[in-house]
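Notes follow the structure.
What follows draws every value from the coordinates through simple rules; no lab data is involved. What you see is a predicted model; the values in this text were computed from it and never measured. Cβ: placed from backbone, ideal geometry, glycine included. Neighbour counts: every protein chain shown.
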Amino acid sequence: MNTLMLAVTGLAVVVAAVASVVAWRATAAERRRSAARITALAAAADVAAEKARLHAREPVVAETPDGLHEFMPAREAAAESHAEPAASTGALLGTPVADSGSGGRQHSLLAAAAIVFVLAGGGSLMLFVSGRGPSVSTAAVRVPLELVALSHARPDGQLAISGLVHNPAAGRAIDQLDAHVRVFDAAGILIATRSAPVDVAALAPGADAPFTVTFGEASTAARYRVSFASHGTMLAHVDRRTNLPAAVTADAR
């Protein structure tokens, strides 16, 4: 657990450091670009102002086509010639410069680095706290059942296997408890399997329940195994028998 916490914390620190370096480099690059734009705009403004001063000093000579004096007087032509540089200068200096969006990216990177660092710290703290607390899986382990008796009989050529299962006082109530029996011949080959419910609907803690599983013709039976299940899930049990079968060998596994 300590190794996992150290690994998670180290990874978070590395990610936060990389994000901080990227954000710092992006900020420095944006500052250089802003300084270059300011310098270029200042130079363009100086050039435009110089051109305007030169045009103001030059004498304006109005040239109008023959026969159009009444439509284009000399003073209007002069005004139009002076208005063009001013308009171009105004367009040059009045046009807003679009933001490249680098400032937003920088803030996003810094925010992401902060979020990663906070999440990593919180995750490490949770792992540390959970590692010091009791294990949930250990607390949820079921107390094994106990097989206290097991025997068999051969009425009318059949094989009937009976036994008694005990639920320890430290256990919990078990409903729909079934006894499963597998029968093998002398060579260890499985020849039959069958299950039957125990004689109680729910086996309470500290209580016992008898069971009987009957097979048909099983003349070649030499060994059998007993196990228990509830709702299709196999349950652990221990062998507490004091009696041993006479004709065949019983295995509680």
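Quick notes on this structure:
- Peptide packing: for 174-185, 206-217, the average count of neighbouring Cβ atoms within 10 Å per residue gives the ranking 174-185, 206-217, highest mean first.
- Cα→Cβ-extended label distance, 7 Å offset, between Leu11 and Asp208, nm: 5.5
- In plain terms, the chain from Asp175 to Ala187 could stretch by 0.7 nm, reckoned as 0.36 nm per residue minus the Cα-Cα distance.
- Environment charge of Arg142, counting only residues whose C-beta is closer than 14 Å and scoring Lys/Arg +1, Asp/Glu -1: -1
- Efficiency of FRET from Cβ geometry, Leu4 and Ala35, R₀ 51 Å, rounded to 0.05: 0.60
- The protection proxy used here, the mean number of other Cβ atoms lying within 10 Å of each residue, ranks peptides 19-30, 156-167, 187-198 as follows, highest first: 156-167, 19-30, 187-198.
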